[in-house]
Structure formats: C-alpha cells, structure tokens
Amino acid sequence: PSTEYRAVRYRALPAESKINLQPGEQMTVADLLRGLLIESANDAAATLATRVGGSEAAFVRAMNQRAEKLGLEDTHYANPIGLDDPANYSTARDLVRLTLRLRAFDFFRRTVARERVTLKTGNRPRTLENRNTLVRLPVVTGVKTGHTQQAGYVLIGSARKNGITLISAVLGAPSVAARESDTRKLFAWAFKLYQRVRAIPPGEVLATAAIEYRRGAELELVVGDTARRFVIRRGQHLRRCGLRVPSEVAGPISRGQKLGEVDVCRGERKLATLPVVSSADVPEATLAVRTKDRFTRPWTLLLVVLLGLGCTVGLSRIRTKSLRIASSVSCSMMRVPLGPPATPVAITGCPSDLSARATFTPLPPAIDVCSTARCRRPRRKFGTASVLSIAALRVTVMIIVRTSRAAGAPLAPAAPRAYRPAGRTARQA
C-alpha cells in the first residue's frame, strides 16, 4: 500500500468521476485505492491498471482470469474502468460474491465504510466524500456505487445488525434516490428473515469418556468454542453431523483441553468444525490408584475367587486321603483258639466292620481278644490341611469385601458416575 505509482495520462469525459490526477503525479497505492472506492475515480483506476498490469489490456486479461477462478460465471470485463461495452457485464449474484471476497480484506472493509477520506500523498491533499451516502446510517457499512447510461444507477450495499451482515445489489435503478430507497427496503426485509444462533448450547455434554485407572468414573466432554454463532434463516435448524472423540482418556488432562471435534451442518451443508474439550481437570493416576484399579477389576476378583476355591478343594482332598489311611490301621483284633494249643491268628480291622470279618474262613471256637482303645474309630479332628483350607477361603472372602469397599462401588454393576471436579481439580475416583 505504501508503494507509489506515477499517474498516467487519462482523458476523462466531463461526466466521469475522477480525482484530477496530473500526469506523472506520484501517489501511494493505498491512496489510489481510496480514490477508486470512495470517489469512483476513473483516473485512479487507469493508473493502477497500467502500473500493475503493464498495460490496460494486460490488466483486463488478468481481471477475467481472476473472475474465472472466483467462480464468477456470468461476469466479463472489457476495460478496467467499467465503461459501457458489450463485453463488459456482470450479474447481481456475481457482484455479491465478489463483494464477499473483497470484504475478507481489512483495508477494503474499513475504507468503504467511511463517510470521507483524505488523500495525503500526491501533489496536494485531497478530501473525498463517499458517493454512497447510506454509510451515514448506523447499520450500513458500504460498499460501492456506480452509474453508466446502459447499466443505470447501481449500488452494492452492506449492513450489519445484531451480529448479522447482509450484502445487497441494486442494478438498473432510475436515480440515486431510487437505488438508495431500494437498498434500504432490501435490508429492512432481509433482517427479518435471518437469526443468529448457537450451534450447541454452552455446557451441553456431547459425550463421555471413561477415565483409565478409575473404574466407573467418566469425563464429560463439551464444546470448546461457545462464542461461535451462525446466521440461518428463521425456521432452519443446525445439527451435529459428526462427532470424533476418544472412548477412554488418561490423565493428566487440563480443563478446556481439546480432545476431539464436532461438525455443524445446516441441512446437508457442513458449516464449521468446533473443538470438543474436557469439562474438568483429570490428574495423573498415581501408583496407588493404578494398583487399586487392577485389584478391583471383575476379572481380577474372579481369579482370586477361583484360586481360593481351588486351594480349598485341593486341601480337602488331601485331608480325606489322610483320614482313609489312618482308618485302615487304626486297630487290630487277635483270635485265640479254645481247643488244643494253636497259634493265634491276627486279623486287621475292627470287630464292628462286618464286611471285613466275613472274608475270613470259619475257625474253631475261639475268643476274640481286642483292645477297646485300639479298636475305637479315630475321632475326626481338623488337621493342618483343613485349617489351611478354611483360612484360604476366609482370606478370599476378606479380599473381595475389602477391594469392593476400596473401589467405592458394590460388586453388582452400577450406573457409571460422571467425573466432576471438586473446585477446579476433579476428585480421584
């Protein structure tokens, strides 16, 4: 903008707009653009075209190439000034589309919204009044006027109200008053058609993510850009057309940290992508928290129960086998014949075991001699194996109860709880 160009010789007709540049007069690009936009100065347009493009013809070719890239399908330029020519034409739609592109530049927006400007470069200072007198209204912010015999009076306007910006195009008006009146009517009508809304209400939970090492705790995910609003027609609605968030997260996570994205659509058209952030701080899991999580998982508890039961069954089998061995040698019986002297016969087993006695061949009359103390069945006592079995079972139950209490939740499945901060830092689950 600070670059200076020498003005070219331009022979304007009496009715043309100009800032009366003298051939060879040096003026900055910024001031030439201000004269072009505020005063519609044709001599400034001719100077810019020649100095930028090398010649007016080369600049016109560049204009048409750029119009094609911008998608202005019904626009063609024959000269850089806008004078009547069969090959010089455009439409209201293309002019609005071009205005939207130009409004992306801060210099353009600020210049077309001013009532007057002062050109400080050149042979002398020049103060110019904006030909678009509607900029004196509070809501009007531009843009550009024009007039030729064939096109009539033209006004591309812009206005902003309640955060809504509108672009209008009036072509072929019979007078300056008519184009201004039509522009104001368009704005009054159009502002009633549109509204500015939030895509997602602030604080609305979009999804939840499980927190690693904190069984049952979930982190609420909310939209990050709460100030973003969209302009839509009344009666239309915005919708979420895509959500990309993790199913599980791990600390440390700070409140407001981006964890995903959500797409906003109007109908089938995607309007924007907003960040999805954490609603609370999540501290890093300590060693104690990780250990507690591992020992309170359902599969871990089930494994402990199975190991305890396995130990109990194994020790019970060892105890039963020991009892059987002890019973088989618990007592003995001595048969003494009553007849002639003979050798006593020893029989293993207790007299009460009838099935064992029936297996022996009948002998001569004799007296059964058996010690009462030795023939009593041994009393069932809890030996070392039984004690260990019972202890293992009690330890298993104790582990299950204590780990369940440490987890802060019953063994039965419970509804997941939201992960909410205590102050700004969330309490560990």
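The values are calculated or read from the model by the stated rules, or taken from the named source; none is laboratory data. Since we're looking at a predicted model, the values are computed, not measured. Neighbour counts are summed over all protein chains in view; Cβ atoms, including those assigned to glycine, are modelled from backbone coordinates with ideal geometry.
Listed values, structure above:
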read-out	value
Strands (runs of 3 or more DSSP E) enclosed by the stretch 151-256 - at least 3 residues per element that are of a type outside the set (G, A, S) and closer than 27 Å to E268 by Cα	164-173, 194-198, 205-211, 217-223, 229-233, 238-244
Wholly within the stretch 109-148, strands (runs of 3 or more DSSP E) carrying at least 3 residues that are more than 14 Å from A30 (Cα to Cα) and not hydrophobic (A, V, I, L, M, F, W, C)	140-148
Any hit, the stretch 43-53, residues being over 18 Å from I156 (Cα atoms) and surrounded by fewer than 17 Cβ atoms within 10 Å (Cβ to Cβ)	yes
Some residue of the stretch 43-66 being over 52 Å from the mean Cα position of the chain (by Cα), under 20 Å from L128 (Cα atoms) and not basic (K, R)	yes
Conditions (1) modelled with pLDDT of 95 or more; (2) surrounded by 17 or more Cβ atoms within 10 Å (Cβ to Cβ); (3) within 25 Å of R114 (Cα to Cα); (4) not hydroxyl-bearing (S, T, Y): number failed by V60	(3)
Residue that is buried (at least 17 other Cβ atoms within 10 Å of the Cβ), closer than 30 Å to S278 by Cα and β-branched (V, I, T), where the choices are I156, I167, I200	I200
Scope the stretch 110-148; condition of a type in the set (D, E, K, R) and within 28 Å of K185 (Cβ to Cβ); matching residues	R110, R114, E115, R116, E129, R131, R136, K144
Residue selected from the stretch 109-134 under the condition of a type in the set (D, E, K, R) and more than 51 Å from the chain's Cα centre (by Cα), by the criterion farthest from L155 (Cα to Cα)	R124
